[in-house]
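Take a look at the structure set out below.
Rule-based calculations on the coordinates, nothing more; no lab input. Keep in mind the model is a prediction, meaning the values are calculated, not measured. Neighbour counts run over all protein chains shown; Cβ positions are idealised from the backbone, glycine included.
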Amino acid sequence: RVLGKAVNRFNKLINQKDNSVFDREYAEKVWVSCPFTKQVSIETRAELKRMHKAFLTAFPDVQCRIYSAFSDGLSAMTHSVCSATNTGPLWDGTKATGKKVLFELLVVTTLDKEDRVVKRETMLDSEDLKRQLGLKDIGPH
């Protein structure tokens, strides 16, 4: 059950660009790790929606294919490969590069007893992403 929900949630957020998933399936307060700033914080759903919108603005054509997924009953992990073109400004205001990128994502989500996401850890090689974009640094979002 946890695994199926994680795969479905990921597909809706990334491939279908369905931001309403946050309202239906995320707790109001969510523990989040951010792959670009390497910070960990408690965020609100509203802040997560803002972060997700900024990502989709930078990479509006992003498409991800899940290659593997597993669950231990409380948490689920998805491993996917994503492709996108940077046609919008990045979250730190950096102008679009127009470059195509290919990157792997690992997303680990933990649910509460109401099946809402209370923890989300996203891992990717941000140095490789910066290299593909031709950037020295990507600032905090």
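Observations on the structure shown:
- Counting only residues at least eight positions apart within a chain, or on another chain, the aspartates and glutamates with an alpha carbon under 12 Å from that of LYS5 are GLU25, ASP115.
- Between LYS130 and GLU104, the FRET efficiency estimated from the beta carbon spacing at R0 = 22 angstrom works out to 0.90.
- The chain: calculated mean residue ellipticity at 222 nm from DSSP helix runs of at least 4, using -39500 (n - 2.57): -8500 deg cm²/dmol
- When the convex hull of its Cα atoms is projected in every direction, mean area for the chain (nm²): 7.5 nm²
- Filter on LYS100/LYS130; LYS53/LYS95; LYS99/LYS119; LYS17/LYS49; LYS12/LYS49; LYS12/LYS130 - keep pairs with C-alpha separation over 21 Å: LYS99/LYS119; LYS12/LYS130
- For LYS5 and PHE70, the difference between the fully extended length at 0.36 nm per residue and the C-alpha to C-alpha distance is 22.3 nm.
- Whole-Hz ³J(HN,Hα) from phi, Karplus 6.51 cos²θ - 1.76 cosθ + 1.60, for region 86-94, glycine and proline x: 7, 10, x, x, 6, 4, 9, x, 4
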